[in-house]
1. In the stretch 111-119, is there at least one residue being farther than 13 Å from Thr129 by Cβ, outside any loop (DSSP other than H, G, I, E, B) and at pLDDT 85 or above?
2. Picking from Gly60, Gly87, which residue would you name as being modelled with pLDDT of 75 or more and either buried (at least 20 other Cβ atoms within 10 Å of the Cβ) or within 29 Å of Ala15 (Cβ to Cβ) (or both)?
3. Given the residues Leu99, Leu68, which is the only one that is surrounded by 18 or more Cβ atoms within 10 Å (Cβ to Cβ), at pLDDT 80 or above and over 17 Å from Arg39 (Cβ atoms)?
4. Considering each of Leu6, Leu24 in turn, give the residue that is at pLDDT below 80 and exposed (fewer than 13 other Cβ atoms within 10 Å of the Cβ).
5. Between a first residue in the stretch 62-77 that is free of Cβ contacts under 8 Å to residues at least 60 places away in the same chain and closer than 11 Å to Asp91 by Cα and a second residue that is surrounded by 10 or more Cβ atoms within 10 Å (Cβ to Cβ) and not charged (D, E, K, R), which pairs have beta carbons less than 6 Å apart while being 6 or more apart in sequence or on different chains?
6. Which condition number in (1) in contact with a Cys (Cβ under 9 Å, 6 or more places away or on another chain); (2) free of Cβ contacts under 8 Å to residues at least 12 places away in the same chain is the one that Val108 fails?
Amino acid sequence: MLRDVLLGVAVAALAAWVALLVGLLVVRPRGALLTEALRLLPDLLRLLRRLAGDATLPRGVRVRLGLLMAYLAVPIDLIPDFVPVIGYADDAIIVAAVLRAVVRRAGVDAVRRHWPGTEDGFAALCRLTGIRLPDGIRPPDGDRPAAG
């Protein structure tokens with residue numbers, strides 16, 4: 001009986017892991033966007049911290065961001081980091097997916113206001129997350145220090 005329960009839990013955990021991997025493959029950035037995502041990771045982490053601390057954003061957004069930061073802090077990943085390229089890419093893919101959801105709820109202005117990087121970095125973030133800037137709106141001024 002106990003063996004059956006443990007086997008069922010193990011099969012369910014494996015199925016959930018496979019489903020998460022498939023989800024990552026579906027939402028992953030294509031081609032050069034994945035490389036951009038990896039380069040932007042330090043600025044993205046600062047952005048997440050700033051957005052999570054913004055009390056003007058809806059609680060659901062801040063909760064998502066807090067859960068994302070907890071996932072990034074935990075050393076256990078969906079794909080181990082020792083796997084070349086894709087080992088670190090899972091973090092970038094998950095960050096991009098959460099940021100897409102955050103932009104839908106919080107708006108582009110919140111992301112622009114908290115972006116710590118360069119104008120080029122913000123443009124890459126827009127491409128990565130699918131943020132569409134309103135006509136006539138440009139990314140933040142390039143007077144901030146260069147990313148990483």
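1. Yes.
2. None of the others qualify; the one that does is Gly60.
3. Going through Leu99, Leu68 in turn, the sole match is Leu68.
4. Working: Leu24 fails: exposed (fewer than 13 other Cβ atoms within 10 Å of the Cβ).
Testing whether each residue is at pLDDT below 80 and exposed (fewer than 13 other Cβ atoms within 10 Å of the Cβ) leaves just Leu6.
5. So the pair list comes out as Leu68/Val98; Met69/Leu48.
6. Among (1) in contact with a Cys (Cβ under 9 Å, 6 or more places away or on another chain); (2) free of Cβ contacts under 8 Å to residues at least 12 places away in the same chain, Val108 violates only (2).
The values are calculated or read from the model by the stated rules, or taken from the named source; none is laboratory data. Since this is a predicted model, take the numbers as computed values, not measurements. Backbone-built Cβ (ideal geometry, glycine too); neighbour counts: all protein chains shown.
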